Amino acid sequence: MTQDDGRAADTESAPRRIAMRALFAHRNTRVYLIGRMLSLAGGNVLWLGMGIWVKMLTGSNSAAGMTFFAYICGLLLLPIGGVIVDRVRRCRLLINTELVSAAWVCLLLLADEHRLWLIYVVMFGYGALSGLGLSTQAALLPQVTPDELLGEANAVQQIAEQGLRIVTPLIGAGLLTFVGPTPVILLDAALFLIAAISLIALRHREDKPVPSGERFWVEFTAGARFVGRTPEIFRLVLAGVVTLLAFGIFSSVTYAVVDEGLNQPPAFLGVVQTTSGIGAILGGLVAAAVMRRVGERGLMVCGLVGMTVACSPLLMSGWLPAVLIAAAMMGAGVVAVNVGESTLIQRRTPGELLGRVDAAVNMAVLIPQAAAIALGAALIIWMDFRVLLAVMSVLFILSAFLLARGGLRQQREPIPTETTVP
């Protein structure tokens, strides 16, 4: 690289460094992100640890899998949570959600092989609380973060989420194996409690929402109706459904890639997942900078194109270096899609509707994803995994086409936001 090339690269990366410094210098955003990371850590340890615990108690893979099913069933209450988010002060709601989560998981201290049902009840309740928290966080972030730093804030959230997915499963599984479930449960409760305490430190003036006076059903469906009449977000939802259909298939295909493609034992999947996590972290570091150049949908298209290349030909190759590169590209692509989606919804949705719109979008993609996981598990039995990778590539290309219709950059109308105190 020439000296001029080096100066050009430094000049190009300077705005990204400045934006990141500004993000962490903003007190409210910094406090919010700390609380978010603690809550994520607690959730990751919980759902994986409970599955392992049920497996240890019963020896049944089916019973262990039911813990995650119970959690998903709780998430189906998302639309009700969206209404609550838009009716109350969001900061206070998020603090209370973390406090209730801390108390709720302590019920697991009463569970054993004779009270297995209690684990499923707690996981269902945590799913409902988690869904409420997700919508609250999505609605609160634009209130505590300047609009010009929203992309960086979403990118940091994704970096933290992907990084914690590498570390927290090891912590949860290790504690459960060597010292039993009680330390895992107490760790979860402590993380949720500390997250609530950190959020109390937010300096955020928030007026109580004014009741609309409309019937509950009108308020309940307001988010879905807004999505339906906003072409950019509607296309985003369609693209999201198609993308998650592909990811549902991928959850089963990865096992075949390791087994049939690489001739490696199932445990090698951990190496592939770790590589994907590293790619996700690297993708998060550049996501906001790319989004500044090409817009939210442009960032998502970049991620989808990268995942298309990862599926075919790289994951099809059976060559270890190519598969690991593909895993990293998949991780980076997931982050690009998530950052672009979150930022676009937050910037295009009026603040008073943000909780319900976020809940409506999540519900629209949750059910197809669950169906695709079951479909992928069935198809992989009698269909070559390379064919399924080709199907995934087609789905990713279709998603990119849906997002790119009408151009990637679009002038957005300013959306009023509530006052923040830096």
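The values are calculated or read from the model by the stated rules, or taken from the named source; none is laboratory data. Just so it is clear, the model here is predicted, and its values are computed rather than measured. Note that we place each Cβ from the backbone using ideal geometry, even for glycine, and neighbour counts take in every protein chain shown. Keep in mind that these areas ignore ligands, DNA and RNA; they rest on the heavy atoms of the full protein, side chains included. Shrake-Rupley method; radii C 1.70, N 1.55, O 1.52, S 1.80 Å.
When we screen Ile249, Ile281 for residues that are within 16 Å of the chain's Cα centre (by Cα) and at negative phi, the only hit is Ile281.
Which residues, taken from region 59-79, are of a type in the set (A, V, I, L, M) and in a helix (DSSP H, G or I)?
Taking region 59-79 first, the residues of a type in the set (A, V, I, L, M) are 63-64, 66, 70, 72, 75-78.
Selection gives Ala63, Ala64, Met66, Ala70, Ile72, Leu75, Leu78.
Within region 159-174, the residues that satisfy the criterion of being crowded, with 20+ Cβ neighbours inside 10 Å and under 24 Å from Leu110 (Cα atoms) are Thr168, Gly172.
No other residue among Leu93, Leu76, Leu99 is within 28 Å of Pro209 (Cα to Cα), of a type in the set (A, V, I, L, M) and at pLDDT below 90 apart from Leu76.
Of the helices (runs of 4 or more DSSP H) that lie entirely inside region 206-298, those containing 2 or more residues that are touching a residue at least 40 places away in the same chain (Cβ under 8 Å) and either β-branched (Val, Ile, Thr) or closer than 22 Å to Leu402 by Cβ (or both) span 222-229, 231-256. What about Asp112, is it surrounded by fewer than 22 Cβ atoms within 10 Å (Cβ to Cβ), more than 30 Å from Ala328 (Cα to Cα) and of a type in the set (Asp, Glu)? Yes: the conditions hold for Asp112. Of the residues making up region 18-48, just one is under 18 Å from Val121 (Cα atoms) and either open to solvent by 60 Å² or more (accessible area, probe 1.4 Å) or more than 19 Å from the chain's Cα centre (by Cα) (or both), namely Trp47.
Being in contact with a Phe, Trp or Tyr (Cβ under 7 Å, 6 or more places away or on another chain) and either in contact (Cβ under 8 Å) with a residue 40 or more places away in the chain or surrounded by fewer than 24 Cβ atoms within 10 Å (Cβ to Cβ) (or both) is the requirement here; does Ala70 meet it? So Ala70 fits the description; yes. Among the conditions (1) among the acidic types (Asp, Glu); (2) over 15 Å from the mean Cα position of the chain (by Cα); (3) open to solvent by less than 30 Å² (accessible area, probe 1.4 Å), Asp384 misses just one, which is (3). A Cβ distance below 6 Å, combined with a sequence gap of six or more or placement on separate chains, defines the contacts here; from region 387-412, residues that are modelled with pLDDT under 80 reach residues that are surrounded by 21 or more Cβ atoms within 10 Å (Cβ to Cβ) and not hydrophobic (A, V, I, L, M, F, W, C) in the pairs Leu408/Arg297. Of the set (1) more than 29 Å from Ile281 (Cβ to Cβ); (2) touching a helix residue (DSSP H, G or I) at 6+ places or on another chain (Cβ under 7 Å), all apply to Val218 but (2).
Condition first: surrounded by fewer than 19 Cβ atoms within 10 Å (Cβ to Cβ) and either touching an Asp or Glu at 6+ places or on another chain (Cβ under 9 Å) or aromatic (Phe, Trp, Tyr) (or both). Now tell me which residues in region 115-133 satisfy that.
Trp117, Leu118, listed by residue number.
Restricting region 301-335 to residues that are in a loop (DSSP other than H, G, I, E, B) and among the small types (Gly, Ala, Ser) leaves a set whose member that is most open to solvent (accessible area, probe 1.4 Å) is Ser317.
Determine whether region 195-214 contains at least one residue that is in contact with a Ser or Thr (Cβ under 9 Å, 6 or more places away or on another chain) and modelled with pLDDT of 90 or more. Yes; the residues of region 195-214 include at least one that is in contact with a Ser or Thr (Cβ under 9 Å, 6 or more places away or on another chain) and modelled with pLDDT of 90 or more.
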